[in-house]
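**Student:** Please read through the structure below; I'll follow up with questions.
Taken together, the values in this text are just the output of simple stated rules run on the coordinates, not laboratory data. None of the values given here were measured: they were computed from a predicted structure. Ideal geometry is used to build each Cβ from the backbone, glycine not excepted, and the neighbour counts take in all protein chains shown.
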Amino acid sequence: MELKVLFDEAVSESKSLSEKPSNDTLLVLYSLYKQATEGDNTAEPPANPFDFVSKAKYEAWMNVKGKTKDQAMRDYVDLINKLKN
């Protein structure tokens with residue numbers, strides 16, 4: 001099956017997992033999704049030092065900088081499949 005189709009299915013499945021993933025896992029999913037759909041993070045870091053959620057998301061996405069969109073899609077699909085089982 002085409003990678004984009006598998007990725008889109010995994011995104012849909014992520015919304016109906018039997019258990020909510022940990023915050024760390026959610027950050028990994030977020031970063032892989034952003035990398036797969038937008039590529040490297042080119043945004044400025046959050047200006048508010050007390051906006052911990054935005055800072056965590058920004059840093060998570062920066063951690064996958066350089067990963068290809070295809071590899072990010074594969075990693076996202078693999079992680080969703082692991083979370084389903």
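**Student:** Tell me the relative contact order for the range 3-84 as a rounded percent, counting alpha carbon contacts under 8 Å between residues six or more apart.
**Tutor:** After rounding, I find 47 percent.
**Student:** Mind ordering 24-31, 72-79 by average Cβ neighbours within 10 Å, highest first? Could the numbers behind the result be given before it?
**Tutor:** Values: 24-31: 16.9, 72-79: 19.2.
Ranked by mean Cβ neighbours within 10 Å, highest first: 72-79, 24-31.
**Student:** A further question follows. Which entry in (1) 13.2, 43; (2) 12.6, 35; (3) 18.7, 58 matches Rg and Dmax of the Cα atoms in Å derived from the coordinates of this structure?
**Tutor:** The listed entry that was calculated here is (1).
**Student:** Could you work out [θ]222 nm for the chain from helices alone, using -39500 (n - 2.57) per DSSP H run of at least four and dividing by all its residues? Round to the nearest 500 deg cm²/dmol.
**Tutor:** -21000 deg cm²/dmol
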